[in-house]
1. For helix A:15-30, what angle does its Cα long axis make with the longest principal axis of chain A, in degrees from 0 to 90 and rounded to 10?
2. Between region A:48-75 and region B:1-28, what is the separation of their alpha carbon centroids in Å?
3. Between the label point of residue B:60 and that of the same position in each other copy, find the distances and list them shortest first in nm, with every label point placed 7 Å from Cα along the Cα-to-C-beta direction.
4. Is the C-alpha gyration tensor of chain B telling us rounded, prolate or oblate? Criteria: a/c under 1.5 is rounded; beyond that, a/b larger than b/c is prolate, otherwise oblate.
5. Show me, for region A:39-46, the HN-Hα J-couplings you get by feeding each phi into the Karplus relation (A = 6.51, B = -1.76, C = 1.60, θ = phi - 60°), rounded to Hz, glycine and proline as x.
6. Structure shown: which of A:3/A:33; A:33/B:3; A:3/B:3 lie over 19 Å apart, alpha-carbon to alpha-carbon?
7. How far is residue A:45 from itself in the other copies, in nm, if each label sits 7 Å out from Cα along the Cα-Cβ line, shortest first?
8. Between rounded, prolate and oblate, where does region A:35-83 land on the alpha carbon gyration tensor, with a ≥ b ≥ c its root eigenvalues, rounded for a/c under 1.5, else prolate if a/b exceeds b/c?
Number of protein chains: 2
Amino acid sequence: MIKELAEIDIKPGQEQAFEAAAAIARDLFLGSKGCIAFRLHRSIEQPSRYRMFVEWETIEDHMIEFRNSDAFLEWRRLCGPHFQSPPRVEHLLIIVEGHNEPAADSIAAE
Amino acid sequence: MIKELAEIDIKPGQEQAFEAAAAIARDLFLGSKGCIAFRLHRSIEQPSRYRMFVEWETIEDHMIEFRNSDAFLEWRRLCGPHFQSPPRVEHLLIIVEGHNEPAADSIAAE
């Protein structure tokens, strides 16, 4: 599994329109081959800056299958008009991870 | 819930040492008040660039509680010597999310 990270700056004033379009576009990603998860985040410190994380089974699922699909064209048609500049895209590998289980912690604390 | 995003550039050649230190430091985060999850990712395109995502219940859990804790000092003692430059830190809000259930898909496809 790899994660696509796209850093996207939105034209000031178009944040709400972009978020509404991205909520529709989410299903274009989730319906694509190899797509596991989609998350769009907004920066608290820089409110016109968004980061989209898409989990793919392989980098080819993103760069070959998705990029050459009608879903990609539709995503760009919906959201592209709100971009201030082209998204900056990278792919990430998970190196270390861990999480707490709030429910289990609550039980252990009793 | 908010996510801390720290973009960290590591001194070339020290990537493995940094990853080993971060695997130890993970438990410093997970043991801190309000910490939900910790993930360290490495960029495929820029292999000395890491992104650390830490989920916190509130921004204060990160910026006040953790930053003033012994755990923060220990994290920086372990990992700081490998930093090429100070980490760039932001906080993210989740705007849109969704995921596929591979198991459910497999069942549905049968």
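Read the figures in this text as sums done on the coordinates, not as results from a lab. Remember, predicted model here, so these are calculated numbers, not experimental data. Using ideal geometry, Cβ is built from the backbone for each residue, glycine included, and neighbour counts are taken over all protein chains shown.
1. Once rounded, the angle reads 80 degrees.
2. Cα centres, region A:48-75 to region B:1-28: 26 Å.
3. Reported distances to equivalent positions: 5.1 nm.
4. oblate
5. 9, 10, 10, 10, 6, 5, 6, 10
6. A:33/B:3
7. 2.1
8. Oblate is the answer for region A:35-83, as a/c is 1.5 or above yet b/c matches or exceeds a/b.
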